[in-house]
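Quick one: the structure is below, and I'll ask about it shortly.
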Amino acid sequence: MSRNETLSKKLLKSCKTVAALACLVFFIGSSVFAQEKKKHEVTPLTLTRGVYYDQPIPLAPKNFKRGGFYTKLVDVDYISADKKIRITPKIVGDGSLFINDPKTNDIIYEFRINVKKSNLFGIANEIQGLLQDIEGINIRTINDKVLVDGQVLLPSEMKRIHNVVGQYPGQTANLAILSPIAEGKIAEFMEREINNPEVQVKAVNNLFMILGVVQSVEEKQRAQIIADAYLPDLVVDNAVNEKKVLQNKSKPGQRIINLLKIAPPPAAGPKKIIQLVVHFVELQKSYEKGFRFQWTPSLGDESNISFSTGSQTAGNAVTSLTGIINNLFPKLNWAKQHGHARVLKSSSLLVQEGVQGTITAEDDIPYVTTNAEGQPQTLFAKAGVNTKMTATISGARGDSVDLQMNIGVSSLVGQSGGQPQIARKTVETSLIIKNSQSAAVGGLISSTSTKNYNRLPANASSNPLISLYRSKDFSRAQSQFVVFVTPIIKSSASEGSDKIKKKFRLQN
């Protein structure tokens, strides 16, 4: 055999070996893939006896098969709507549960079940530690369950018990109820906060009744608001929640029954006395300044004819011609004048609350005039003070006075044509003033000024020989009128009379 043939045989043998190895690798890979495809997850389940457990199986078909050793250990129910199984342990032990495909019999889910006896004493100790601040409850272990029993005072404590018991489903039960004493305590809190000796609050069958008599609608509404603020949450019993017992339903706003009565208003007592003090203040200021230079000489004609007779001489006629020069000498007049005046009038009046009081203090100023027949007659002009006021006590504390005022003041300012000139000032307003405090209820300010240049006097000559006349007059007048009112609430009309008697040294 040649060398080439030997090499060819060796090469062919090597190819067969490689093909065999490739086939072996493909077979092993297919087996591993098949095993990977059939591989499933094993789920361990540790359960407590008497407590069921729900396990989801979303990949299982509806007609799946069950297998394993579980029938004596647990009961298995399938809930198709949620695609889960409910496992209820029966005895303590270990077992397994398989969920198989009905067509290929492959295992889809495998559960390793371990059922243990519940540690109720440990659960009871945990609950005792969480609820140790709540008084009136007992924690006991009965029939493989931890029971919370007793009476609590507040709905918030019931909420806490419910939340703690809910952490151990199937192993605990809440038998605690709200104590009847709690409603009585809450009613006491309501009554204490209302703080009215005529109002009582009673608790009856989860309802709170407000009884008594109040003086106004506002007090009744206030008691209702306070009771609503203290109203506790309504605790619903499990039997009521499961509709085994029908409870009388009431809305939260209807759990408080307001039976308060409003007392009739008291009979009207004597009206209070109010003293009204009124001050009238008028300030006047005037200023006058005048300058005049006059040189206006004039010639007067005094010529006349006179006749005279005597016993010894014959009668004759005498003619005389006389001339008189007036205002021959220059005249210089200068004047400056200041005027200040302050008029103060005061009046005091005691009135009953709500009754109008009047003060009139006027003078009759006479003047003479003629009637329609031309006969002289005397008339009178009135000048003085005329005050009308009505006072009413107001304010929450009764320390303010509501005043309705009509005040008039008239005064003589001069005469014109023989008749007096009367200046009148009137203030009409309404306002509220604190007791014993003063207020400026009205005022009037007037100001006038005049200037005259080169104005001839009344006795100046109408035809002077020479006219040199210069004059300047300036005058200014200001006046201010203010009315001050001070109300004083009196306890009686005789209050303050002792001071007056002492002042004037009067005896009883």
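Kindly flag which residue pairs out of Lys285/Lys434; Lys65/Lys117; Lys272/Lys345; Lys345/Lys425; Lys289/Lys345 have an alpha-carbon separation exceeding 25 Å in this structure.
Lys285/Lys434; Lys65/Lys117; Lys272/Lys345; Lys289/Lys345
So, one more: In a shell of Cβ-Cβ distance under 13 Å around Asp363, excluding Asp363 itself, what net charge do Lys and Arg (+1) and Asp and Glu (-1) give?
0
What ranking do 171-181, 479-489 get when scored by the average of other Cβ atoms within 10 Å per residue, highest first?
479-489, 171-181
Lys116 accessible area, nearest 10 Å², 1.4 Å probe?
In the full protein context, Lys116 sits at about 110 Å².
Between Leu45 and residues 5 or more places away or on another chain, which pairs have amide H atoms under 5 Å apart, with H built 1.01 Å from N, and which residues are they?
Arg112, Ile113, Asn114
Give the value in nm², to one decimal: projected area of the alpha carbon convex hull of the range 88-198, averaged over all directions.
Mean projected area for the range 88-198: 11.4 nm², to one decimal.
Per residue, how many Å² of accessible area does the range 38-93 show with a 1.4 Å probe?
67
Placing unit charges on C-beta atoms (Lys and Arg positive, Asp and Glu negative, everything else neutral), compute the dipole magnitude of the range 329-381 about its Cα centre in debye, rounded to 20.
Magnitude of the dipole: close to 600 debye.
Starting from the 7 Å offset along Cα-to-Cβ, what nm value, one decimal, do you get for the label separation of Ile359 and Asn206?
Going by the 7 Å Cα→Cβ label model, 7.1 nm.
The values are calculated or read from the model by the stated rules, or taken from the named source; none is laboratory data. Owing to the predicted nature of the structure, the values given are computational and were not obtained by experimental measurement. Cβ sites come from the backbone with ideal geometry, for glycine too, and all protein chains shown count toward neighbours. Just the protein is used for accessible areas: all its heavy atoms, side chains included, with ligands, DNA and RNA removed. Shrake-Rupley method; radii C 1.70, N 1.55, O 1.52, S 1.80 Å.
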